[in-house]
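Q: Here you go, one structure.
The values are calculated or read from the model by the stated rules, or taken from the named source; none is laboratory data. These figures come from a predicted structure and were not determined experimentally. Every residue, glycine as well, gets a Cβ built from its backbone with ideal geometry; the counts of neighbours run over all protein chains shown.
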Amino acid sequence: MYSYGVSVFFPAYNDAPSLPALIGKTFAVLREHVADFEVIVVNDGSQDETGAVLLRLQKEFGQQMRIVTHEVNRGYGGALRSGFEAATKEFVFYTDGDGQYDVGELPKLLERMSTNVSFVNGYKMERNDPWHRIWIGKTYNQFARLLFNVSLRDIDCDFRLIRRSLLELIHLESTSGTICVELVRKLELCGMDVEEVGVHHYPRLHGKSQFFRVKSLFTTLFQLFRLWWWLLVMPRLGLKRADAHTHS
């Protein structure tokens, strides 16, 4: 059993059907492997029974479970930012509330965390989605990795364990799915050691993905290029101006 503390959080939007099994398994895994932990669910303006389900689960599991509620939907990035802000333990793990990843594989990430490692990222060994989502996801991942010069093989795998002190060094701004690119890029810029672990990805049994709506895709593309401008273009312009000033 690991002696350090772990904050586990799930962003949730209309995930009422998947949450009971997910939270139940999460507590079982953490009680077996971690001495000190907390479980946080960010209810991102859900319009189904997510709020009521979370209240029932909180009564069942007690003070180790906390709920963060957004009265209106803030987007995937907004939900992740709230989860990171709410976490209090030494390490922070998150995955989605829809149950497409198996929280039972969290110990695989814990095993790879060490004094020299601050970030353990999962990668999908096989993506179990409709063909069009697989194609879009693969294209997006390759494009984002090239555009932002990211070394991780799977930016889009939301199964991550991060040292909280590292998260405190960065400031996240994205409200859409681009937060994954922003998070990974800024963590890599910190110069820490990263480990990658293959994890399973399962078909969605309930609800619909918010990422693949037309409005969400346009928001994501806009924020992606804005992020590229501020993270890669502006720093280079600053270096060129500084260099020109030095030689003037």
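Q: Please verify whether the range 30-44 includes one or more residues that are part of a strand (DSSP E or B) and surrounded by fewer than 17 Cβ atoms within 10 Å (Cβ to Cβ). Before you say what the answer is, go through the steps one by one.
A: At the first step, the residues of the range 30-44 found to be part of a strand (DSSP E or B) are 34-44.
Those left that are additionally surrounded by fewer than 17 Cβ atoms within 10 Å (Cβ to Cβ): 35-36.
Looking for residues that are part of a strand (DSSP E or B) and surrounded by fewer than 17 Cβ atoms within 10 Å (Cβ to Cβ), one finds at least one in the range 30-44, hence yes.
Q: A further question on this structure: Give me the residue from the range 97-113 that is assigned to a helix (DSSP H, G or I) and either touching a strand residue (DSSP E or B) at 6+ places or on another chain (Cβ under 6 Å) or among the hydrophobic types (A, V, I, L, M, F, W, C) (or both) and, out of that set, surrounded by the most Cβ atoms within 10 Å (Cβ to Cβ).
A: Here is the first cut: in the range 97-113, the residues assigned to a helix (DSSP H, G or I) are 103-112.
Next cut, either touching a strand residue (DSSP E or B) at 6+ places or on another chain (Cβ under 6 Å) or among the hydrophobic types (A, V, I, L, M, F, W, C) (or both) only: 103, 105-106, 108-110, 112.
Numbers: Val103: 23, Glu105: 16, Leu106: 25, Lys108: 16, Leu109: 23, Leu110: 18, Arg112: 16.
Only one residue fits best here, namely Leu106.
Q: Could you tell me whether Thr50 is modelled with pLDDT of 95 or more and surrounded by fewer than 15 Cβ atoms within 10 Å (Cβ to Cβ)?
A: Values: modelled with pLDDT of 95 or more: yes; surrounded by fewer than 15 Cβ atoms within 10 Å (Cβ to Cβ): no.
In short, no.
Q: Then there's this: Name the single residue, out of those in the range 81-96 being in a helix (DSSP H, G or I) and in contact with a strand residue (DSSP E or B) (Cβ under 6 Å, 6 or more places away or on another chain), that is surrounded by the most Cβ atoms within 10 Å (Cβ to Cβ).
A: Going residue by residue through the range 81-96, those that are in a helix (DSSP H, G or I) are 81-86.
Okay, now just the ones that are also in contact with a strand residue (DSSP E or B) (Cβ under 6 Å, 6 or more places away or on another chain), so 82-83, 86.
On the way: Ser82: 20, Gly83: 22, Ala86: 17.
My answer is Gly83.
Q: Sticking with this structure for a sec: If you check Lys59 against the conditions, is it over 12 Å from Phe10 (Cα atoms), modelled with pLDDT of 95 or more, basic (Lys, Arg) and within 21 Å of the chain's Cα centre (by Cα)?
A: Details: over 12 Å from Phe10 (Cα atoms): yes; modelled with pLDDT of 95 or more: yes; basic (Lys, Arg): yes; within 21 Å of the chain's Cα centre (by Cα): no.
Here the answer is no, as Lys59 does not meet what is asked.
Q: Step by step: first the residues of the range 121-142, then only those that are farther than 15 Å from Arg204 by Cβ and surrounded by 15 or more Cβ atoms within 10 Å (Cβ to Cβ), then the one that is modelled with the lowest pLDDT. Which residue is that? So that I can check it myself, show each step before the final result.
A: Step one: list which residues in the range 121-142 are farther than 15 Å from Arg204 by Cβ, which gives 121-123, 125, 135, 138-142.
The next check asks that each one be surrounded by 15 or more Cβ atoms within 10 Å (Cβ to Cβ); those that pass are 121-123, 140-141.
On the way: Asn121: 97, Gly122: 96, Tyr123: 95, Tyr140: 80, Asn141: 83.
Selected residue: Tyr140.
Q: Identify the single condition in (1) more than 24 Å from Ile170 (Cα to Cα); (2) modelled with pLDDT of 95 or more; (3) under 20 Å from the mean Cα position of the chain (by Cα) that Ala87 does not satisfy, given that it satisfies every other one.
A: (1)
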